[in-house]
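To start, the structure under review is shown below, and the notes come after it.
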Amino acid sequence: MASPVDSLPSADLVARGLADLRRGRETAAALLVAVARARLEDLGTPVPALPGPLDPCPELRLYRLLRRTHPTDAYSRYNALLRQIVSYTRARAPGATRTPPARRNPTRGVLSAR
């Protein structure tokens, strides 16, 4: 049976990232979950440690991975992934409601605090 969390925006990306971290794989999804570790853990989702002893900064590791795999649009992909994880964590937040897209405030910043 699917949980309500499974239907949230980018839930598949988060699940893939968690699975990759458990397997010790450094993928874009795994690094994105690592970027959001504190927020995800606040929401009750345990996040495994990043693989490897190198640079502990998941943001930088994610950007470097995207730059290797998508050299012409790494910055756009990086920002798109950040928007996805922010959307997911906001939807998971206690008291979050799904507002139809037409009713959202387009002037509100994606990464601004509530």
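Bear in mind these aren't lab numbers, they're just calculated from the coordinates by the rules spelled out. Just so we're clear, the structure is a prediction, and the values are computed from it rather than from any experiment. Neighbour counts are summed over all protein chains in view; Cβ atoms, including those assigned to glycine, are modelled from backbone coordinates with ideal geometry.
Let me have the relative contact order for region 9-97, percent, based on Cα pairs under 8 Å that are six or more residues apart.
Worked out over region 9-97, it gives 31 percent.
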TODO: Could you list TYR78, TYR88, TYR63 in order of exposure, starting from the residue whose Cβ has the fewest other Cβ atoms within 10 Å?
DONE: TYR63, TYR78, TYR88
Open item on the list: Taking the number of other C-beta atoms within 10 Å as the exposure measure, put ARG16, ARG83 in order starting with the fewest.
Closed with: ARG83, ARG16
Task: Label-to-label distance, nm, for residues given as THR45 and SER87 (7 Å Cα→Cβ offset) - done: 1.4
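With the Cα gyration tensor of region 9-97 in hand, give its eigenvalues times 5 under a square root as the equivalent ellipsoid semi-axes, listed largest first in whole angstrom. Each step should come with its number before you reach the end.
Numbers: eigenvalues 89, 52, 20 Å².
Over the Cα atoms of region 9-97, the semi-axes work out to 21, 16, 10 Å.
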